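Here is the structure we will look at.
The values are calculated or read from the model by the stated rules, or taken from the named source; none is laboratory data. No experiment lies behind these values; they were computed from the predicted model shown. With ligands, DNA and RNA removed, areas are computed over all heavy atoms of the protein, side chains included. Shrake-Rupley method; radii C 1.70, N 1.55, O 1.52, S 1.80 Å.
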Amino acid sequence: MKHINTTRFIVLTLLVIAAALTRALPYLIPHIWNFTAIGALAIFSGAQFSDKRLAFIIPIVAMAVSDIFIGNGFSLAVYTGFVVMVGCGFLIRNKVNTTNVILASFISASVFFLITNFAFLYPATIYPRNISGILTSYAAGLPFFRNMLIGNLVFSAVLFGSFYLLSKRYPVLAKV
């Protein structure tokens with residue numbers, strides 16, 4: 001873990017923390033639930049942190065800490081979705097370009113939507129445990145999916161773009 005004190009690690013971590021703070025946006029600007037940088041930061045962490053353990057730990061800890069402040073509580077389905085998003089970042093880690101970042105944003109938002117809106121993860125009192133319940137659950141989740149997808153695309157552009165520009169200006173930030 002000698003790379004924890006590197007400038008690259010510090011800059012990456014600061015970007016992740018800034019992105020995690022966007023989880024408070026729905027409390028500041030009404031009607032934008034799920035429009036945050038949390039998905040993009042999971043992808044970004046998977047793509048940029050050289051230590052795979054940190055790629056998982058940092059966004060999950062950022063999520064957990066922000067959950068404490070915004071009062072969402074723990075949901076295994078939600079955290080599983082974010083672990084999958086880090087995995088999407090792993091898939092593009094040696095091939096970071098605009099197309100791959102866009103694809104990772106779409107795929108991760110879609111998988112997150114499929115996992116977190118699966119009706120069988122909810123009490124039977126919310127959605128019946130049949131095809132109708134599954135379809136109803138997915139239909140109810142569409143606005144959140146749209147906002148997460150837009151958030152992933154916007155904040156991935158910000159995170160990956162700003163880190164790219166910073167690494168061009170400060171070559172010490174480039175991958176080792």
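Per-residue 3J(HN,Hα) values for the range 75-92, derived from phi via the Karplus relation 6.51 cos²θ - 1.76 cosθ + 1.60 with θ = phi - 60°, read 10, 4, 4, 5, 5, 4, x, 6, 4, 4, 5, 4, x, 4, x, 4, 5, 10 Hz in sequence order (x marks Gly and Pro).
Using helices alone, I'd like the mean residue ellipticity at 222 nm for the chain: each DSSP H run of four-plus residues gives -39500 (n - 2.57), total over residue count, nearest 500. Kindly include the intermediate steps, with their values, before the conclusion.
Working: 7 runs with 123 residues, N = 176.
It comes out at -23500 deg cm²/dmol, rounded to the nearest 500.
Principal-axis analysis of the Cα atoms of the chain puts helix 52-70 at an angle of about 60° to the longest axis. Taking 0.36 nm per residue of separation and subtracting the current Cα-Cα distance, fully stretching the chain between ILE60 and THR125 would add 20.4 nm. Helix 7-20 axis versus longest C-alpha principal axis of the chain: approximately 30°, rounded to the nearest ten. Taking every protein chain into account, the accessible area of the range 79-176 amounts to 56 square angstrom per residue (probe 1.4 Å). Shape of the chain from its Cα gyration tensor (a ≥ b ≥ c, root eigenvalues): rounded if a/c is under 1.5, otherwise prolate when a/b > b/c, or oblate? In terms of gyration-tensor shape, prolate. Between the range 70-98 and the range 112-172, what's the alpha-carbon centroid distance in Å? Cα centres, the range 70-98 to the range 112-172: 9 Å.
In whole percent, how big is the carbon plus sulfur part of the accessible area of the range 56-176, probe 1.4 Å, protein atoms only?
That fraction is 74 percent.
In a solvent-free Debye calculation with one equal scatterer on each Cα, what is log10 I(q)/I(0) for the range 59-108 at q = 0.25, 0.27 Å⁻¹, listed in the order of the q values? Per q value, in the given order, log10 I(q)/I(0) is -0.88, -0.94.
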